[in-house]
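The values are calculated or read from the model by the stated rules, or taken from the named source; none is laboratory data. The structure displayed is predicted, hence computed values, not measured ones. We place every Cβ from the backbone using ideal geometry, glycine too, and count neighbours over all the protein chains shown. The accessibility values were calculated without ligands, DNA or RNA, using every heavy atom of the protein model including side chains. Shrake-Rupley method; radii C 1.70, N 1.55, O 1.52, S 1.80 Å.
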Amino acid sequence: METVRRVISVVVLNEAQVLARVSGLFAGRGYNIETLTVAPIPETDLSHMTIVTRGNQRVIEQITKQLHKLIPTLKVIEHSEMVEKEMVLVKFPIEEKLSDIQALCAAYNGGIVNVGENMVIAMAADEPVRIKHFITATKRYNPIEIVRSGVVAMER
Amino acid sequence: MKMSGAQMIIEAIIAEGVTKVFGYPGGAIMNVYDEIYKQNDFEHILTRHEQAAVHAADGYARASGDVGVAMVTSGPGFTNAVTGLATAYTDSVPLVVISGQVPLSLIGTDGFQEVDAVGISRACTKHNYLVHDIAELPRILKEAFYIARSGRPGPVLVDVPKDITGEIAEFVYPSDVHLPTYKPNYKGNDRQIKKAAEAILKAKKPLLYLGGGVVLSNATDVVRRLAEISQMPAVETLMARGVMGADNPLLMGMLGMHGNYASNMAMSETDLVISLGARFDDRVTGKLSEFAKYADVIHVDIDPANIAKLVDVDYPIVGDINIVVEKLIGHLEERIKPERYQVWRDILKRYDELHPLTYHDSDEVIKPQWVIERIGEKVGADAVITSDVGQHQMWAAQFYPFDRPRQWINSGGLGTMGYGFPAAIGAQVACPDKHVINITGDGSILMNVQELVTASENKLPVINVILNNHFLGMVRQWQTFFYDKRYAETDLSYQPNWKLLAEACGGAGYDVTTKAEFDAALDAALEGGKVTFINVAVDRLENVLPMVPAGGALYNMLLEHKES
Ligand SMILES: Cc1ncc(C[n+]2csc(CCOP(=O)(O)OP(=O)(O)O)c2C)c(N)n1
């Protein structure tokens, strides 16, 4: 069976151990996690997790079922039709061409967000594939550090 | 009413209708034991090891159909209980296990007897809780019992810090649970059920594939009725022995690695598998790509994650077997023609005549299979049979005439040596009027042998029949077949004196080397009313056959019992 990339959204009760239950499930059953993000859903006692994973169709189906089986899981959404976004922070030496960096970030919904004595921090927020392109493009300006947020997604 | 956390635990146990609790005290759980001392509503049975306490609660649950309750202290008390949790989890047994924990203020400080119980047990419980606040204790206790019993049953751990058991707060035991994230589906999808019924009507070689779920959901009657009206043949997994009844002509036997020829051939040639509460375990399927190769699959299970986990399923039905099969019968009753499957039944009958489940009996040495048959002749449907893990377990499953569900209790999924004796203790507590016989090996029995004392003290006349081959027999069998007879660390020639061992703990012991001695010992044990060891010297090199080598196709069985 063919390996596919999938984005899975999980709505869980925001309670102790819940992240451990989810990550433990992936570790224990040998599933792969590419990215995992989690944050509370405003004005509820729920959290939203977005997990990017890879596997064949049977594995993906098992992942969604096993996630659903966890007692604190309210909802599992597994779709190929998801709007996905990812954010990235990149630190550059101050000597680099700031106007070029500014322009590059602008093309990826970002900009320079912090300037220090000998570095600047820029950010971009875009589709995961585009974020990859962005990171490749930044190479020219000798990035010192790159931090990606992982993917967040919403069903269309 | 205001009370301590410890009292809340007692009140919850009583409110849940629990009458027996198995356990072992220690520092972190002492407040609860102090309350146990003061009450008379339930009986606490002190095992001599926490693993045994959980297995006993598990045996109690399997024999009675009720939830089993066990109690242990923190740290080593809890870690000793882990094998029990994992055993119950793999076989979907409803348990509530309460463990003490160090006080909240010490959690995370590597305190004395602190271990991360919820962390360790996450993968071997259906759910677990660490209680952070006494205000949530009543709700958590209620949920624990509800989750353990409902849906696909399983063990639930409640880890309670010592200061919470000592704290006083208002107690109202909830009458309901409020769990929006946990809603098992019992009903089954009507459209799928209808389609499945049509598939049965169209099939030429349908086969009922019955698993432990039929026992767990108390669905034996309705399953037997489905077989009866349709005259479809059936095979049972290790966990479903007793569902069809030994004398039922529709029962082909047990399938899988040590299944009989007709059952494994039935699965290999069927055109429609009707899987009820079974989970396509690798010990059942053998090589997956060859398993039920010509069949469509109807898969009924309460746990959606079991469906299509290993094989492709044509008719997935999530639901309770009782409800789903009742609906199936509704669709089939008027229309099904049992004659349709006559040819199929004849084929299977011929397979069974070709290679019946058998063994070569002997006058010189006792054959283990003979012992099982003999016990069956003596106590048959009256007894509850537990077992440990190994050859003896497979012979018991093959040769005992199981007639009803909950008569056969064994660790099928995890294969836990040391399970049988404490489980038998739990079963004896649940069924005081029945004979409870643990069929065990000279390896397995030593893994919880200290329970002789528990059984003696509580006057629980469990009979342990030790099929003694002076080997870790099942491992020795694999060494014979697949490791060129290099018997690495499986020779158990150095033996205890079994009779004296039993007697030293207040039980009775018999050493048996002939059939006549076995009969006499069994009679005496059945009469004796004491926990008993019957140490039976059996043929050392007997193998469990048929055998499908691990990973092989189900239809490729080693069949011949060669004279040794
Ligand atoms: C706790 C545990 N350890 C190891 C095993 C591996 N194992 C499976 S069967 C077996 C041999 C059992 O020997 P015995 O109880 O004498 O039974 P026999 O096979 O001889 O009937 C072993 C070691 C196991 N199933 N459980």
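The numbered conditions (1) open to solvent by less than 10 Å² (accessible area, probe 1.4 Å); (2) closer than 14 Å to B:Thr79 by Cβ are all true for B:Asp116 except (1).
Tell me whether the stretch B:133-151 contains one or more residues that are surrounded by fewer than 22 Cβ atoms within 10 Å (Cβ to Cβ), closer than 30 Å to B:Glu333 by Cα and not assigned by TED's automatic domain parsing to the domain that holds B:Ser92. Scanning the stretch B:133-151 turns up no residue that is surrounded by fewer than 22 Cβ atoms within 10 Å (Cβ to Cβ), closer than 30 Å to B:Glu333 by Cα and not assigned by TED's automatic domain parsing to the domain that holds B:Ser92. The residues listed here are B:Gly59, B:Gly77; of these, the one that is outside any strand (DSSP E or B) and within 23 Å of B:Ser150 (Cβ to Cβ) is B:Gly59.
Condition (residue is assigned to a strand (DSSP E or B) and more than 23 Å from the chain's Cα centre (by Cα)) applied to the stretch B:21-43: is it met by at least one residue?
Quick first cut of the stretch B:21-43, residues assigned to a strand (DSSP E or B) only: B:21-23, B:43.
Imposing the further condition that a residue be more than 23 Å from the chain's Cα centre (by Cα) reduces the set to B:43.
So far as the stretch B:21-43 goes, yes, one or more of its residues are assigned to a strand (DSSP E or B) and more than 23 Å from the chain's Cα centre (by Cα).
Where residues in the stretch B:457-513 are away from the ligand (no atom under 14 Å from the Cβ) and of a type in the set (Gly, Ala, Ser), which of them is most open to solvent (accessible area, probe 1.4 Å)? For the stretch B:457-513, the residue satisfying everything is B:Ala504.
Here A:Val90 does not fit the description of being closer than 30 Å to B:Pro184 by Cα, crowded, with 20+ Cβ neighbours inside 10 Å and at pLDDT 95 or above.
Tell me, yes or no, whether the stretch B:444-454 has at least one residue that is more than 14 Å from every other protein chain (Cβ to nearest Cβ), of a type outside the set (Lys, Arg), within 9 Å of the ligand (Cβ to nearest atom) and farther than 28 Å from B:Glu236 by Cβ.
Of the stretch B:444-454, the ones more than 14 Å from every other protein chain (Cβ to nearest Cβ) are B:444-454.
Now restrict to residues that are of a type outside the set (Lys, Arg): B:444-454.
Imposing the further condition that a residue be within 9 Å of the ligand (Cβ to nearest atom) reduces the set to B:444-447.
If we keep only those that are farther than 28 Å from B:Glu236 by Cβ as well, we get B:446.
For the stretch B:444-454, residues more than 14 Å from every other protein chain (Cβ to nearest Cβ), of a type outside the set (Lys, Arg), within 9 Å of the ligand (Cβ to nearest atom) and farther than 28 Å from B:Glu236 by Cβ: present.
Write out, first by first residue and then by second, each pair whose Cβ atoms fall under 8 Å of each other, whose residues are 6+ apart or on separate chains, and whose first residue, in the stretch B:177-190, is over 14 Å from B:Arg139 (Cβ atoms) while the second is among the acidic types (Asp, Glu) and open to solvent by less than 80 Å² (accessible area, probe 1.4 Å). What qualifies is B:Tyr186/B:Asp320; B:Lys187/B:Asp320; B:Gly188/B:Asp320. Considering the stretch B:324-431, the qualifying helices (runs of 4 or more DSSP H), each wholly inside and each with 1 or more residues that are of a type outside the set (S, T, N, Q), within 16 Å of the ligand (Cβ to nearest atom) and crowded, with 19+ Cβ neighbours inside 10 Å, run over B:368-379, B:391-399, B:420-430.
Could you check how many residues of the stretch A:47-73 are of a type outside the set (D, E, K, R), in contact with a Pro (Cβ under 9 Å, 6 or more places away or on another chain) and buried (at least 18 other Cβ atoms within 10 Å of the Cβ)?
So the first thing to find is which residues in the stretch A:47-73 are of a type outside the set (D, E, K, R), and the list is A:47-53, A:55-57, A:59-60, A:62-64, A:66-68, A:70-73.
When the remaining residues are screened for being in contact with a Pro (Cβ under 9 Å, 6 or more places away or on another chain), the result is A:47-48, A:52, A:68.
Going one step further and asking which of them are buried (at least 18 other Cβ atoms within 10 Å of the Cβ), we end up with A:47-48, A:52.
Qualifying residue count for the region: 3.
Counting the residues of the stretch B:281-301 that are surrounded by 24 or more Cβ atoms within 10 Å (Cβ to Cβ) and either touching an Asp or Glu at 6+ places or on another chain (Cβ under 6 Å) or within 14 Å of another protein chain (Cβ to nearest Cβ) (or both) gives 2.
Considering only strands (runs of 3 or more DSSP E) fully contained in the stretch A:23-86, which possess at least 2 residues that are within 10 Å of chain B (Cβ to nearest Cβ)?
Details: elements: A:35-40, A:46-55, A:73-79.
Correct list: A:73-79.
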